[in-house]
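Laboratory data are not the source of any read-out in this text; all were calculated from the coordinates shown. Everything numeric here is computed off the predicted structure, so don't read it as measured data. Every residue, glycine as well, gets a Cβ built from its backbone with ideal geometry; the counts of neighbours run over all protein chains shown.
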Amino acid sequence: MYKRVLLKLSGEVLSGEAQKGFSEEHVNYLIREIKKVSEYGVKLGIVIGAGNLFRGRDFEGVRPTISDQIGMLGTVINALYLKDRFESAGIRTVVVSQIVTLPSVKFINYDDIDLYFDAGYIVIFAGGTSNPFFTTDTGAALRAVEMKAELLIKGTKVSGIYDKDPKIYNDAVKYNVITYDEAIEKDLKIMDTEAFSICKRYQMKILVMNFFEDNNLLRAIRGENVGTLVVPSK
Ligand SMILES: Nc1ncnc2c1ncn2[C@@H]1O[C@H](COP(=O)(O)OP(=O)(O)OP(=O)(O)O)[C@@H](O)[C@H]1O
Ligand SMILES: O=c1ccn([C@@H]2O[C@H](COP(=O)(O)O)[C@@H](O)[C@H]2O)c(=O)[nH]1
């Protein structure tokens, strides 16, 4: 069983696929899945995207530097929303970020991360990388390395990494295991090249799995084969 994990979730886990905002049904599902693993004492960090609110590329006529900052603020909105919902469900949660000063957001301080974990808190890292031109996948890779995770789980709406986008191509073929180099060379667009490259440099294992399948998160943390594993070599 993995004991230290960074979970990257698409903003759409809060709204449902291709939807905006927050869906009660989806948020309750997320809380149930997180509860199952928090009961095992897993030290869990979460990076949440903002596809349910704003993605920088969705804004026409707005400069990327600005639209990306709006996108990053979206991840803070999601993080605070989740903190409140998690705590109402009895899951202790702290939100950390470098991009905002707000009463319920703590500034990231490496020395404190372990204190939060030891006290039984889930840590939500908000604000992506803190820079425009990136996405929360790259933020997740950085935070996974910083928190010394054993595994980065990307919980998404497809069941792993395929040779092409399975939402577009019916004949896409899934990989069980793939190396960072293969993912980068084949330009598999499930994650940014920057994210794969950071994970390669620090040998951070990645598991891509369907978050919308019951118990998948728990199974992933138990080390079961529930998606595609990205590793240094096969
Ligand atoms: N080779 C591939 N294998 C699997 N999925 C792929 C591949 N190429 C593209 N995709 C697409 O990537 C999508 C992953 O989306 P993801 O969960 O990263 O959402 P996001 O856009 O990063 O998050 P957010 O909703 O927060 O913006 C999948 O739904 C899938 O359609
Ligand atoms: O490091 C980052 C992370 C995110 N952004 C902007 O935020 C949105 C939302 O993130 P997703 O990963 O797409 O869910 C993203 O589209 C960027 O516009 C950023 O600039 N830097």
Whole-Hz Karplus couplings 3J(HN,Hα) for region 112-129, θ = phi - 60° and coefficients 6.51, -1.76, 1.60, Gly and Pro as x, run 7, 4, 5, 5, 4, 4, 4, 7, x, 8, 7, 10, 9, 8, 9, x, x, 7
Quick shape check on region 11-94: root eigenvalues a ≥ b ≥ c of the Cα gyration tensor, a/c under 1.5 is rounded, otherwise prolate if a/b tops b/c, else oblate, and it reads prolate
In Å and whole numbers, how far do the C-alpha atoms of the chain stretch along each principal axis, longest first? 47, 47, 36
Report the calculated FRET efficiency for Ile168 and Thr101 (r = Cβ-Cβ distance, R0 = 35 Å), to the nearest 0.05. 0.25
Kirkwood Rh and Cα Rg combined as Rg over Rh, evaluated for region 84-189: 1.05
Suppose the chain between Ser88 and Glu185 were pulled fully straight at 0.36 nm per residue; how much longer would it get relative to their current alpha carbon spacing? 30.5 nm
How large is ³J(HN,Hα), in whole Hz, for each residue of region 39-50 in order, when computed from phi with the Karplus curve 6.51 cos²θ - 1.76 cosθ + 1.60 and θ = phi - 60°, using x for Gly and Pro? 5, 8, x, 5, 7, 10, x, 10, 10, 10, x, 9
Rounded to whole Hz and in sequence order, give me ³J(HN,Hα) for region 183-190 from the Karplus expression 6.51 cos²θ - 1.76 cosθ + 1.60, θ = phi - 60°, writing x for Gly and Pro. 4, 6, 4, 7, 6, 6, 7, 5
Amide H neighbours of Lys106 at under 5 Å, excluding residues fewer than 5 places away on the same chain, with H built from the backbone geometry, are Val95, Val96, Ser97
Using the Cα centre as the reference, give the magnitude of the dipole from point charges on the C-beta atoms of the chain (Lys, Arg: +1; Asp, Glu: -1; all else neutral), rounded to the nearest 20 debye. 320 debye
Please list 74-80, 185-191 highest first by mean number of surrounding beta-carbon atoms within 10 Å per residue. 74-80, 185-191
Evaluated at 25 °C and 0.890 mPa s, the Stokes-Einstein D of region 156-203 based on the Kirkwood radius over Cα pairs, in µm²/s, stands at 218 µm²/s
Please find, in a Gaussian network model of the chain (springs between Cα atoms separated by less than 10 Å), the residue of Tyr175, Tyr202, Tyr110 whose mean-square fluctuation is greatest. Tyr110
If you take the beta carbon distance between Leu115 and Asn215 as r and set R0 to 35 Å, what does 1/(1 + (r/R0)^6) give as a FRET efficiency, to the nearest 0.05? 0.70
Give the shape of region 161-234 as rounded, prolate or oblate, defined through the alpha-carbon gyration tensor: a ≥ b ≥ c are the square roots of its eigenvalues, a/c under 1.5 means rounded, and otherwise the shape is prolate if a/b is larger than b/c and oblate if not. oblate
